[in-house]
Amino acid sequence: MVTNRDHRTEVLQPIPMWINTVDNLSDRRWSWNPAITVGCWAIAGLALLWVVLTGDAPGRLLAAMLTIVALAAAVYTTLVRPVLVADSAGVTIRSLAGALRVPWKQATVRLAHTQRLGREVQTLELDLRHGVDGELEKLVVLGRLELGADPHDVMDELTRLRG
């Protein structure tokens, strides 16, 4: 409560947070967990150090292969961020080839359940039709690892954004 000059009191209403355009929550982004990217870079660095310091030829070959794989994973998880962007107009999928923007009317989103090794795994499947008349089709399958979140939660958010 605030008292003004006339000694009247008025109740101040709370001002909502995140109301400017910088904090626009209308689009959502999902990507790799940053810890995975950092881990890939760390493994690549340690494997490279192993290549340099080892005197064992088979060990050097193994370390070189590990360096290449870890470096490729590190570069991929660094460059392909965010993997999925969605707003009220549609979805954007990023890959090494670039970004593909598809409006909602040309996208079908579903949650797939697969059982592997005694575990049920959920993945988010996006069936995208793109091109001039939607003649090109692309199936994108994203799991918890690529999204950095539970696919079920992402599906709920995509349903909300799609309206």
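Only the coordinates and a few stated rules stand behind these numbers; no lab work does. Please read all numbers here as calculations on a predicted model, not as lab measurements.
The figures follow:
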read-out	value
Relative pair counts by distance (%), Cα atoms of the range 24-140, 10 Å bins	12, 28, 28, 19, 10, 2
For q = 0.13, 0.17, 0.25 Å⁻¹, Debye-computed log10 I/I(0) when each Cα of the range 28-79 counts as one equal scatterer	-0.34, -0.51, -0.83
Column: log10 I(q)/I(0), Debye, Cα scatterers of the range 84-162, q = 0.14, 0.25 Å⁻¹	-0.46, -1.27
Overall form of the range 54-95 per C-alpha gyration tensor (a/c, 1.5; a/b vs b/c)	prolate
